[in-house]
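K.L.:
Before we start, here is the structure in question, set down as structure tokens.
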Amino acid sequence: IAPISVSKNETPSILVDRERLMQDIHHTAQWGVGKAWGPSPTEVGMSRLTLSDSDKCVRDWFVSTAESYGCNVHVDEMGNIFAIRAGKQEGLPTVMGSHLDTQPAGGRYDGILGVLAGLAAVRTIHERGIETEFPVGVVNWTNEEGARFPQCMMASGVWAGATNVDKVHQIAAIDDANATVKSELTRIGYLGEIKADWRATPLAAHFELHIEQGPILEASNQRIGAVQGVQASRWFTITVTGRDSHTGATNFENRSDALLTSAKMILRSHQVATQFSSLASTGLLNIEPGSTNTVPGVVTFSLDLRSNEDKNMEAMEELLRSDFKKIANDEDVGTVNAGCTRGRGCTVSWRVDSNAKVAQFDEECIQCIEKGSEALFVDEAAALTRRMYSGAGHDSVHTSTRVPTAMIFVPCREGLTHNPAEYCSPEDCGNGAQVLLNAVLGYDRLRATKAG
């Protein structure tokens, strides 16, 4: 059977079974049941932390299902699962990848849709008896979320050579210092023997379908995002050290209030990010000693900076390092001291936790996505498709450093994600899966044309 046409005048002749895709999404949600957000049995979130017992169950299902669709499956030393279906010619596989792990209070679409839509695409190819020119497949990347083991996009990073496997293997779970990545991979039976390295498991290209995790597509009434790349991000841990003192007996002039100083820094980060049309967020805050009637002496907080331009990241960090030092000395910076009493000051220190530059995706892969959307929506394609950047990190950030990569976004309700009520409609799930299949078949044809 010939691959699908991408003519504006035709609709796809090779159709993903949308109903079975939704059945798979809801069937696999039994492993890692989270919080209910509505009365329906499918209105229940997910809590499937990586390398947990529930993660083992869904991995086992993934392996057996992929094998039933004619895939050869192998697992590397980070537990990444590669399911590859042979093509007419030998060559590197074009893969569809994402992750099956979730946040502790997550939903049933983030990551999961990308893996199960990849399986749905392979199932369509298998059941229709289609022979792709080159191998195609699906990959489940380990610990994209970084929720249980604190390093996001962990295993794709090891595969791409961004991080060291031995160091990553020793990372402990946030709730159990005795449970490491390696010990848990061993415990659930997914410590593979193949090296986690792009040279050991080389790929021809990587396509990832994902919910947008933002409001842009929904607000613009568009259905498909052809993702051009991912924002740069830098994570820091900031420690502000002052002096514990009695709240009633210590007047403002004699306080070294670490929390007040930290609050000014957090406000300043928002002001600076606004200045550079970028983003800044603080999600973690630790206060010592943690008493109602004690002025906090030590505060540690997270700082997450994001931008579409690397030069903005450099400028923001440089400015914030300077401004935070001034704020710690109780000097005036912008409006952060407005109406405040000058105290005795604090000290501030920085730790860099991660530093990711803007990831630019492959133009040919992006065009295959756009043509795949064109094949689905025909004359409405231009109105329903948009090029865009991702504000969140994904495994595709790492794969893009080694192989041609692009992503497909579909809308999620109100842009809500990392939340039990995360929702992507069956229509949008199906649209994304169809464009994914169209794009992969289109890229396979493109490779054949180049080879010929």
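The values are calculated or read from the model by the stated rules, or taken from the named source; none is laboratory data. Small disclaimer: the values here were computed from a predicted structure and weren't measured. Reconstructed Cβ throughout: ideal geometry from the backbone, glycine too, with neighbour counts over all protein chains shown. Keep in mind that these areas ignore ligands, DNA and RNA; they rest on the heavy atoms of the full protein, side chains included. Shrake-Rupley method; radii C 1.70, N 1.55, O 1.52, S 1.80 Å.
K.L.:
Could you tell me whether segment 321-329 includes any residue that is in contact (Cβ under 8 Å) with a residue 24 or more places away in the chain, open to solvent by 50 Å² or more (accessible area, probe 1.4 Å) and either on the phi < 0 side of the Ramachandran plot or among the aromatic types (Phe, Trp, Tyr) (or both)?
P.N.:
yes
K.L.:
Here is a further query. Can you tell me which residues in segment 148-161 are under 15 Å from Ile81 (Cα atoms) and either of a type in the set (S, T, N, Q) or out of contact with any Phe, Trp or Tyr (no Cβ under 7 Å at 6 or more places or on another chain) (or both)?
P.N.:
Within segment 148-161, Met153, Met154, Ser156, Gly157, Val158 meet the criteria.
K.L.:
Shifting gears a bit: Yes or no: Tyr389 in contact with a Lys or Arg (Cβ under 7 Å, 6 or more places away or on another chain) and open to solvent by 10 Å² or more (accessible area, probe 1.4 Å)?
P.N.:
No, not satisfied.
Conditions tested, residue by residue: (1) under 25 Å from Asp17 (Cα atoms); (2) in contact with a Phe, Trp or Tyr (Cβ under 6 Å, 6 or more places away or on another chain); (3) crowded, with 23+ Cβ neighbours inside 10 Å.
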residue	(1), (2), (3)
Glu67	yes, no, no
Lys88	yes, no, no
Val95	yes, no, yes
Asp101	yes, no, yes
Arg108	yes, no, yes
Gly114	yes, no, yes
Gly118	yes, no, yes
Arg128	yes, no, no
Gly146	no, no, no
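K.L.:
Could you say whether any residue in segment 321-332 is under 30 Å from Glu253 (Cβ atoms), in contact with a Phe, Trp or Tyr (Cβ under 9 Å, 6 or more places away or on another chain) and aliphatic (A, V, I, L, M)?
P.N.:
no
K.L.:
In addition: Take Thr347 and decide whether it is modelled with pLDDT of 95 or more, of a type in the set (Val, Ile, Thr), farther than 24 Å from Arg18 by Cα and buried (at least 23 other Cβ atoms within 10 Å of the Cβ).
P.N.:
In short, no.
K.L.:
Look through segment 218-242, keep the residues that are among the small types (Gly, Ala, Ser) and open to solvent by 10 Å² or more (accessible area, probe 1.4 Å), and return whichever of them is farthest from Ser277 (Cα to Cα).
P.N.:
This residue is Gly242.
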